[in-house]
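I'd like to ask some things about the structure below.
No value in this document is a laboratory result; all are computed from the given coordinates. These numbers come from a predicted model, not from an experiment. Cβ atoms come from the backbone with ideal geometry, glycine included; neighbour counts cover every protein chain shown.
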Amino acid sequence: MPDKVDMEKIVSLCKRRGFVFQSSEIYGGLGSCWDYGPMGVELKRNVKDAWWKAIVQERDDVVGIDTSIMMHPKVWKASGHVDSFTDPLVECKSCHLRWRASEINNQLCPKCGGELTEPRMFNLMFKTFMGPVEEEASTVYLRPETAQGMFVNFENVITTSRKKLPLGIAQIGKSFRNEITPGNFIFKTREFEQMELEYFVKPGTDEYWFDYWVKERFDWYIRLGIRKEKLRLRQHSKDELAHYAKDCYDIEYLFPIGWSELEGIANRGDYDLTQHAKHSGRDLSYYDGESNERFLPYIIEPSAGVDRSVLALLIDAYHEEVVEGETRVVLRLHPSLASMKVAVLPLSRNEKLTPLAKEIYKQLCPSFMTCYDDSQSIGRRYRRQDEVGTPFCVTIDFQSLEDNQVTIRERDSLAQIRVPVEELEKTLEAKLQGESFEASPLWATRQK
Ligand code: GAP
């Protein structure tokens, strides 16, 4: 298979197999908005669950939160979002950096020399009105990041969780940005989902925790099966750093559009709590019993995009290979991410096979996302499951009626084993946890 997967193949697979559809497609679509279909919604949920498990469930120094999308307008004044984006801006069509129009001498991007968009008075935030009167005083914004929900709740969380620093607050949720140049499918959209962790630490320990989280987050993508050679870390140069950041690394993935940001990890210093203390009039300092000191914690922020992770995982998992003279498309997703874990496939729609196949399907449903398919030839059904990345197909044939055994076929190696029906669930569970098949599945070897 060629090393480079083009985006059109991914977009076409996503539409064909029910991962992602264009929003409001029957009305001609809405620019840069996308809907997740039956397969996509499962994959996306699995990505979020994997993040939540690694960040919240398996740690005793992080708690979760779910804050509202609309917040007090002063939040965005304090954060800098109201003021930072009200100048006329131009954006580079190639590297997407934005520049104040007044800072541009010639008509080209100072960083990469790319062509620039026309200047616009631009605020990235979507505005709406709260209550029945559409006036300036009732303006609220749709949040452009989930992070501010964690900053303004720092005091609530620290007092109610009875935890000490270092302490992280994590959130997964929708964010909205009126991007000037959205595009590249679900890579850059105006409505998207973020997975953000705000990790509050004692000043002086921030550099240690910054390095820790850069490594931790990089390794998370590898544990999910993304090839290491397709990932890299890129440190922001001083003039590229956001106004709040002391230091920042991007985890980049080699997308078909080139190396691009998957996640950013920033050392935000005490910028956020200082700003919110100032604008709210509340003392947001933390009392450290051990050193008998009061200080404003520094914040380390790993901030990832759900949609961008889904895109990278799809691209990385996409393989075309020739099997018995025919090209098969296979999504080699890590089993924990695959939308469907098991497909139950009676060899044919024969009335003798259907009852046992249906019974097995019903047995498996409570334990795994399972689908049932009895239309078309068994070969075509295997291909369909390969295309959506289902790790295991269970086939019921006429022999099954005699010996009460079924065949499990593994997606990557195409190896098959026969197991008694009463051991099927246990066997699938073990295989999904990584127990090797006859031939070692590729995702297991990739983890090493
Ligand atoms: N709180 C920090 C923050 O929001 P960011 O680099 O602007 O930082 C973090 O965003 C992540 O959110 C990005 O790495 C990306 O994965 C995702 N993201 C940002 N803007 C996006 C957009 N327009 N469409 C899709 N994902 C986006």
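Which is farthest toward the positive dipole end of the range 64-213 among 131, 212, 95, measuring Cα position about the Cα centre, with Cβ charges +1 (Lys, Arg) and -1 (Asp, Glu)?
212
If you don't mind, there's one more thing I want to ask. Between the range 50-115 and the range 122-183, how many Å separate their Cα centres?
12
For each pair in 74/111; 188/278; 4/188; 188/230; 77/230; 44/278, compute the distance between the two Cα atoms and list the pairs where it is over 27 Å. Could the numbers behind the result be given before it?
Values: 74/111 33 Å; 188/278 33 Å; 4/188 20 Å; 188/230 19 Å; 77/230 38 Å; 44/278 38 Å.
From the list (74/111; 188/278; 4/188; 188/230; 77/230; 44/278), the Cα-Cα distance tops 27 Å for 74/111; 188/278; 77/230; 44/278.
Turning to a different aspect of this structure: Take the Cα gyration tensor of the chain, multiply each eigenvalue by 5, square-root it, and list the three semi-axes largest first, rounded to whole angstrom.
Whole-Å semi-axes of the equivalent ellipsoid: 45, 26, 21.
For the range 265-280, what does the Karplus curve 6.51 cos²θ - 1.76 cosθ + 1.60, with θ = phi - 60°, yield as ³J(HN,Hα) per residue in whole Hz, taken in order and with x for Gly and Pro?
Whole-Hz 3J(HN,Hα) from phi for the range 265-280: 10, 10, 9, 8, x, 9, 3, 5, 5, 4, 5, 6, 5, 5, 7, 9.
Then there is this: Could you give me the ³J(HN,Hα) list for the range 136-146, computed from phi with Karplus coefficients 6.51, -1.76, 1.60 and θ = phi - 60°, whole Hz, x at Gly and Pro?
With coefficients 6.51, -1.76 and 1.60, one gets 3, 5, 9, 5, 10, 10, 7, 4, x, 7, 7 Hz.
What are the lysines whose alpha-carbon lies under 21 Å from the alpha-carbon of residue 426, with same-chain residues fewer than 8 places away excluded?
Reachable lysines: 341, 358, 362.
In which sequence would 41, 5, 330 go, from the one with the fewest C-beta neighbours within 10 Å to the one with the most?
Details: 41 15, 5 19, 330 23.
Taking fewest neighbouring Cβ atoms as first place, the list is 41, 5, 330.
May I pose another question? List the residues whose amide H sits under 5 Å from the amide H of residue 389, counting only those 5 or more places along or on another chain, with H placed 1.01 Å from N in the peptide plane.
It is 331, by chain and number.
I'd like the Karplus ³J(HN,Hα) series for the range 161-173: coefficients 6.51, -1.76, 1.60, θ = phi - 60°, whole numbers in Hz, and an x wherever there's a Gly or Pro.
7, 6, 10, 9, 6, x, 9, x, 10, 10, 8, 10, x
Let me ask something else about it. Using the 10 angstrom Cβ neighbour count as an exposure proxy, how do 291, 339, 400 rank, fewest first? Working shown, then result.
Working: 291 9, 339 24, 400 21.
Ordered by Cβ neighbours within 10 Å, fewest first: 291, 400, 339.
Sticking with this structure for a sec: How would you rank 407, 160, going from fewest to most other Cβ atoms within 10 Å of each one's own Cβ? Please report the intermediate quantities before stating the final value.
Working: 407 17, 160 10.
If I rank by nearby Cβ atoms, fewest first, I get 160, 407.
Right, something else. Under the rule of -39500 (n - 2.57) per DSSP H run of 4 or more residues, summed and divided by the residues of the chain, what mean residue ellipticity at 222 nm is obtained, to the nearest 500 deg cm²/dmol? Before the final figure, lay out each step's value.
Numbers: 14 runs with 135 residues, N = 448.
The helix contribution divided over the chain gives -8500 deg cm²/dmol.
Still on this structure, I have one more. Could you check which residue among 153, 267, 105 shows the biggest mean-square fluctuation in a GNM of the chain with a 10 Å Cα cutoff?
105
Right, something else. If amide hydrogens are placed 1.01 Å from N in the peptide plane, which non-local residues have theirs closer than 5 Å to the one on residue 188?
Placed amide hydrogens put 183 under 5 Å from residue 188.
Next question. Please label the shape of the range 155-213 as rounded, prolate or oblate, based on the square roots a ≥ b ≥ c of the eigenvalues of the alpha-carbon gyration tensor (a/c under 1.5 means rounded; beyond that, a/b larger than b/c means prolate, else oblate).
Numbers: a/c = 3.67, a/b = 2.00, b/c = 1.84.
In terms of gyration-tensor shape, prolate.
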